[in-house]
Amino acid sequence: MTAEQTVVCFDLGGVVVRICRGFAEAAVRAGVDLRETPEIDRVDHAELIRAHQRGRMAEPEYFERIAAERANVYTPAEVERVHRAWLIEDYLGAEDLVHELNARADLTTACLSNTNLTHWRMMLCEDGVFHSPALCAIQHRLASHELGEFKPDRTIYDAAHRALGSPSRVYFFDDLRDNVDAAQEFGWRAFLIDPAGDPPSQVRAALMREGVLSQPGRVPSVTADR
């Protein structure tokens with residue numbers, strides 16, 4: 001990739017892939033009986049998730065420690081089932097949008113996701129039955145567990161920017177405000193996506209406002225000065 005290339009970079013969960021928005025929703029999908037109490041329901045696993053998604057905690061330990069933080073009302077095996085049920089499906093239109101962008105000679109598609117090895121392998125159809133055609137179509141795939149960094153830390157944006165060849169323009173889409181703010185501070189054009197409101201259409205609308213895409217659903221001609 002040349003430094004002049006424009007990159008359209010997606011977060012995955014909540015932007016490209018529909019995911020569960022909490023442990024209880026994923027437990028229902030996994031067929032795990034809910035045994036929550038108000039105290040357990042408010043447990044914040046942020047530090048464990050951060051370590052896991054930075055590739056610094058093996059999954060057996062992660063499942064055991066999540067179970068322990070939830071007062072062992074779930075077994076580590078049940079936590080693993082919930083974990084694997086977190087991914088639901090690609091948003092309708094996500095794959096088509098990626099292919100449309102890939103058809104542009106002046107654009108490159110990428111993703112930058114806080115994720116983990118199991119979900120990554122599932123999305124790439126290397127493990128389990130879930131598959132993300134949209135992710136497989138993205139040209140440059142960057143993940144927190146491989147980079148060893150985590151959004152919204154500036155270090156992950158720096159690592160991603162270098163991995164993408166230091167492009168002159170990056171349009172970034174994420175469903176978390178902190179990640180969007182950090183990307184903007186880094187110098188990317190970043191946009192907040194509502195995961196409940198048709199993310200591919202939101203991405204397309206933002207790219208049209210920015211002049212990157214023209215009419216909906218059409219591949220515009222390449223302009224000389226882009």
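Among the residues that make up segment 50-69, is at least one of them farther than 27 Å from residue 177 by Cα, free of Cβ contacts under 8 Å to residues at least 24 places away in the same chain, open to solvent by 50 Å² or more (accessible area, probe 1.4 Å) and in contact with a helix residue (DSSP H, G or I) (Cβ under 6 Å, 6 or more places away or on another chain)? Break it down stepwise before answering.
The first filter runs over segment 50-69 and keeps only residues farther than 27 Å from residue 177 by Cα, leaving 58-61, 63-65, 67-68.
Imposing the further condition that a residue be free of Cβ contacts under 8 Å to residues at least 24 places away in the same chain reduces the set to 58, 60-61, 63-65, 67-68.
Imposing the further condition that a residue be open to solvent by 50 Å² or more (accessible area, probe 1.4 Å) reduces the set to 58, 60-61, 64-65, 68.
Right, trim to in contact with a helix residue (DSSP H, G or I) (Cβ under 6 Å, 6 or more places away or on another chain) and you get 64-65.
Within segment 50-69 (the criterion being farther than 27 Å from residue 177 by Cα, free of Cβ contacts under 8 Å to residues at least 24 places away in the same chain, open to solvent by 50 Å² or more (accessible area, probe 1.4 Å) and in contact with a helix residue (DSSP H, G or I) (Cβ under 6 Å, 6 or more places away or on another chain)), the answer is yes, since at least one residue qualifies.
Provide a single number: the residues in segment 125-144 that are open to solvent by 30 Å² or more (accessible area, probe 1.4 Å) and of a type outside the set (Lys, Arg).
Going through segment 125-144, the residues open to solvent by 30 Å² or more (accessible area, probe 1.4 Å) turn out to be 125-129, 131, 133, 136, 139-141.
Now restrict to residues that are of a type outside the set (Lys, Arg): 125-129, 131, 133, 136, 139-140.
Number of matching residues: 10.
Give the residues of segment 23-49 that are of a type outside the set (A, V, I, L, M), open to solvent by less than 60 Å² (accessible area, probe 1.4 Å) and in contact with a helix residue (DSSP H, G or I) (Cβ under 9 Å, 6 or more places away or on another chain), sorted by residue number.
Just the residues of segment 23-49 that are of a type outside the set (A, V, I, L, M), to begin with: 23, 25, 29, 31, 33, 35-39, 41-42, 44-45, 47.
With the extra rule that they be open to solvent by less than 60 Å² (accessible area, probe 1.4 Å), the set shrinks to 23, 31, 36-37, 45.
Of everything in segment 23-49, those that are of a type outside the set (A, V, I, L, M), open to solvent by less than 60 Å² (accessible area, probe 1.4 Å) and in contact with a helix residue (DSSP H, G or I) (Cβ under 9 Å, 6 or more places away or on another chain) turn out to be 23, 31, 36, 45.
So, in segment 113-145, exactly how many residues are outside any strand (DSSP E or B), in contact (Cβ under 8 Å) with a residue 40 or more places away in the chain and either touching a Ser or Thr at 6+ places or on another chain (Cβ under 9 Å) or closer than 18 Å to residue 7 by Cβ (or both)?
First, the residues of segment 113-145 that are outside any strand (DSSP E or B): 114-139, 144-145.
Imposing the further condition that a residue be in contact (Cβ under 8 Å) with a residue 40 or more places away in the chain reduces the set to 114-118, 123, 128, 130, 132-135, 137-138, 144-145.
Subset that is either touching a Ser or Thr at 6+ places or on another chain (Cβ under 9 Å) or closer than 18 Å to residue 7 by Cβ (or both): 114-116, 123, 128, 134-135, 137-138, 144-145.
Within segment 113-145, residues that are outside any strand (DSSP E or B), in contact (Cβ under 8 Å) with a residue 40 or more places away in the chain and either touching a Ser or Thr at 6+ places or on another chain (Cβ under 9 Å) or closer than 18 Å to residue 7 by Cβ (or both) number 11.
Exactly one condition in (1) closer than 14 Å to residue 200 by Cβ; (2) among the aliphatic types (A, V, I, L, M); (3) touching a Cys at 6+ places or on another chain (Cβ under 6 Å) is false for residue 110; which is it?
(1)
In this structure, does residue 14 turn out to be of a type in the set (Gly, Ala, Ser), modelled with pLDDT of 95 or more, surrounded by fewer than 18 Cβ atoms within 10 Å (Cβ to Cβ) and at positive phi? Full working, then the answer.
Working: of a type in the set (Gly, Ala, Ser): yes; modelled with pLDDT of 95 or more: yes; surrounded by fewer than 18 Cβ atoms within 10 Å (Cβ to Cβ): no; at positive phi: yes.
For residue 14, the condition - of a type in the set (Gly, Ala, Ser), modelled with pLDDT of 95 or more, surrounded by fewer than 18 Cβ atoms within 10 Å (Cβ to Cβ) and at positive phi - is not met.
Name the residue, out of 105, 110, that is closer than 30 Å to residue 165 by Cα, outside any helix (DSSP H, G or I), over 16 Å from the mean Cα position of the chain (by Cα) and hydrophobic (A, V, I, L, M, F, W, C). Before the answer, list the steps.
Values: 110 fails: over 16 Å from the mean Cα position of the chain (by Cα).
Unique residue meeting the criteria: 105.
So which residues in segment 148-162 are buried (at least 18 other Cβ atoms within 10 Å of the Cβ), touching a residue at least 24 places away in the same chain (Cβ under 8 Å) and more than 21 Å from residue 104 (Cα to Cα)? Walk me through it before giving the result.
To start, the set of residues in segment 148-162 that are buried (at least 18 other Cβ atoms within 10 Å of the Cβ) comprises 149-152, 156-157, 159-161.
Still in the running and touching a residue at least 24 places away in the same chain (Cβ under 8 Å): 149-152, 156-157, 160-161.
Selection gives 149, 150, 151, 152, 156, 157, 160.
Give the residues of segment 15-51 that are in a loop (DSSP other than H, G, I, E, B) and either touching a strand residue (DSSP E or B) at 6+ places or on another chain (Cβ under 8 Å) or charged (D, E, K, R) (or both), sorted by residue number. Give the steps one after another, and end with the answer.
Quick first cut of segment 15-51, residues in a loop (DSSP other than H, G, I, E, B) only: 15-16, 20-22, 31-37, 42-45.
Listed by number, the residues that qualify are 15, 16, 20, 21, 33, 35, 36, 42, 44.
Can you work out which of the residues in segment 167-195 that are without any contact (Cβ under 8 Å) to a residue 24 or more places away in the chain and either open to solvent by less than 40 Å² (accessible area, probe 1.4 Å) or touching a Gly at 6+ places or on another chain (Cβ under 7 Å) (or both) is farthest from residue 211 (Cα to Cα)?
Ranking the qualifying residues of segment 167-195, first place goes to 180.
The values are calculated or read from the model by the stated rules, or taken from the named source; none is laboratory data. This is a predicted model, so every value here is computed, not measured. A quick note on method: Cβ atoms are made from the backbone with ideal geometry, for glycine too, and the neighbour counts reach across all protein chains shown. The accessibility values were calculated without ligands, DNA or RNA, using every heavy atom of the protein model including side chains. Shrake-Rupley method; radii C 1.70, N 1.55, O 1.52, S 1.80 Å.
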